[in-house]
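In what follows, a single structure is set out as structure tokens and then discussed.
What follows is calculated from the coordinates using simple rules that are stated; it is not laboratory data. These numbers come from a predicted model, not from an experiment. Here Cβ is always computed from backbone atoms with ideal geometry, including for glycine, and neighbour counts include all displayed protein chains.
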Amino acid sequence: MTTTPAASPAKGKLSAGAGIKRIDYQEYALVGVIVLLLVAGGILEGSSFLSKDNLFNVLRQGSVVGVLAIGMTFVIATAGIDLSVGSMVAATGIAGGWLMEHFGAFESAPSLSFIIGALLLGVLLGAVNGAAVSYGKVVPFIATLAMLLIARGLALWISDKTPISLFDLETLRWFGTGEVLTIPSSLIVFLGVAAVGWVLLNRTPYGRYVVAVGGNPEAARIAGVKTNRILFSVYVLSGICAGIAAILLCGRLASASPVAGQLYELDAIAAVVIGGTSLAGGRATVVGTVLGVITFAIVFNLLTLMDLAVEIQQITKGGIILAAVLLQRRSN
Amino acid sequence: MEFKKVVPVLCAGVALGLGVVACGGSSDKDNAGTPAATATSAATEDTAAQASDVKVAFSAPAADHGWTKAVSDDAKAKAKELGLDMTVNDSATTPAEQADQIETLIQAKPDVLVVLPVDGAPLTPVAQKAMDQGIQVINIDREFSSPSAFHTVIGGDNYGIGVQAGDYFADQLKCKGNVVEIQGIAGISVTEQRTKGFADEIKKRCNGGIKIVAQQPADFAPDKGLSVMENILQKNKSIQAVYTHDDDMGEGVAAAIQNAGRDKEMWMTGAGGSKKVMDQIKKGGLWRATFLYNPAMSADAVYLATLLGSGKGLPGFAAPDIPSRITLAATTVTKDNVAQYEHLGF
């Protein structure tokens, strides 16, 4: 009885060590993929692709899904999944717009009330996901699928199915379109979130617990990790990230749309997985996720620049995903 | 332990609460508008439509887009105005779901079934079933694949939107310039028709003088329109005009152009006829025109249903039966005539 749990943490530690080495290779492989894409783009589209303006445009666009993907990395590290992030982007954006319109107290700072509204609803919806998964013992796929519907419904209901204009919110629009020393503010926010994520995951006990819960929940529990609390927290993190993503998106769009964010969950999940985080849990890399996000953003940009027909774009995109993953496998 | 029991109950409670509040909210609003509406209708509607004993069932896709929401709202408002007993189902997101809902609706044996299908072909069998049972079907917009599955089809003119847009672009650009086209969802007839009508017309009018430098779908979604247009702006340094397939999506495209500070370089058009876009057209600037695809066609369909249910033809028409096909014109709305069409905005 007592030997099994004693043995498994040791085993877990061992495989975690091997995992870190493998992840490093995967990150190099993705850097290779990105370089290949940059070279291909330079040959095919020349200066319109490689201009500083366009490359920052790529990174600005990638920032929205990028922030979602950082939250998703934590969720997937616990062997979970969050299908609701796309809908939560719409719902939190609408919540921000609603608070901005309805709260007289914040009239002097409408952007601030938008940001508060978006983050608050993000925390709330994330907490519902987290409670359902951890304490309610609902399978993450189903719990967050339910939230995908609930959040989209909330967005449509609160907005009465019409977009809310945010044209006059200068500060909010700065998050979407502004620059600091020519670097897009969206990108700075994304890299900031990624940096916090990296520190949390790699330099704090919390990060170790998240990975432990995903790798072997039984062993983690016996080792004294409060697994329910950890599970709950990663979904809240994902909800907060949805709120931040909504701030970036709505700032760029100059409006909050109840139909925004469709299928962002798949983009985020794909970026996380292509980056090397294991869908089975227990292995996670924030740097890999950032590289995965950049890979997808470049592919989307390049395909639109080439003005390919949509069917060719989809086949190409699918092919690139498959090739990128195969390339990683080979380099292991 | 207790949490396990509490959470589902709590969720169910919240869900129920939302439902009740949502229903309560909308009926309050409707009631507020009714007395005035009935009063005017009694005066203006001809006697043909005073048939409140006609039982109508209405089915439409989930009202989650400006246009589909307006379709549902307009139909409901018309039924209220006519004092009609109309059962409404507008929550389906897939053809299968809508087919199930229609199955349930026809159990109640309505006289007329009014349907805006999620997609025409997959809902043809259930519409055919209704017709076979003696329930008359009025088909809105997306046509069923068999003419025996409906009595009348009423819809907008997607090819016509393309043609009107083509004419407008040819006139405004004097057949010269670079044009970007932002399409709807790839692979559905709405998108194909709006694309084809535009391409055919500018070819006929300008024979290659207008160049479509980029043509990409953005799925009728504003955020997709934003990202796609941002990329297109990177590649194309000289654009004179942008043809978009939808007003809501167009707002994302407009944001991309404004963020890039290029709103003096080009102008754009939409399709549908939303209030917001009509306001922008009135103000002048980036938005120059939109092409009507009026959701009020659902109100017309409900009106036709009352005629059909009481066995009357279109007032003023010689035929004793209502026409089997009505196609509404895709009117071009610009700054010059926007005042005339503003009330139709959704």
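Quick notes
- Helical contribution to [θ] at 222 nm, DSSP H n ≥ 4, -39,500 (n - 2.57), averaged over chain A, rounded to 500: -27000 deg cm²/dmol
- Expressed to the nearest 5 percent, the antiparallel share of DSSP beta bridges inside the protein assembly as shown is 15 percent.
- Global geometry of region B:158-291, whether rounded, prolate or oblate, following the gyration tensor of its Cα atoms and the 1.5 cut on a/c: rounded
- For the protein assembly as shown, size of Cβ-based charge dipole, Lys and Arg +1, Asp and Glu -1, in debye: 2560
- For region B:250-286, the list of trypsin sites (Lys or Arg not before Pro) that fall in a loop by DSSP and count at most 11 other C-beta atoms within 10 angstrom reads B:Lys264.
- Note on B:Tyr303, A:Tyr135: ascending count of other Cβ atoms within 10 Å places them as A:Tyr135, B:Tyr303, the fewest first.
- Per residue, the average separation of C-alpha pairs within less than 8 Å and at least 6 apart gives chain A a relative contact order of 34 percent.
- Tensor-based shape of chain A (alpha-carbon gyration tensor, a/c under 1.5 rounded, otherwise prolate or oblate): oblate
- Taking a span of 24 Å or more along the helix axis (Cα atoms) and a mean Kyte-Doolittle hydropathy of at least -1.0 as the rule, the DSSP H helices of chain A that qualify are A:3-45, A:52-77, A:85-102, A:110-134, A:140-159, A:185-203, A:227-253, A:286-305, A:310-331.
- Neighbour counts of other Cβ atoms within 10 Å put A:Met88, B:Met278 in the fewest-to-most order B:Met278, A:Met88.
- In this Cβ point-charge picture (+1 for Lys and Arg, -1 for Asp and Glu), region B:158-291 has a dipole of about 520 debye about its Cα centre.
- Shape of region B:173-226, Cα gyration tensor, a/c cut at 1.5: oblate
- Of B:Cys175, B:Cys206, A:Cys241, A:Cys250, the sequence from fewest to most neighbouring Cβ atoms within 10 angstrom is B:Cys175, B:Cys206, A:Cys241, A:Cys250.
- Database remark: amide H of B:Val137 closer than 5 angstrom to the amide H of B:Leu113, B:His151, B:Thr152 (H placed geometrically; neighbours at sequence offset of 5 or more, or on other chains; Pro and chain starts carry no H).
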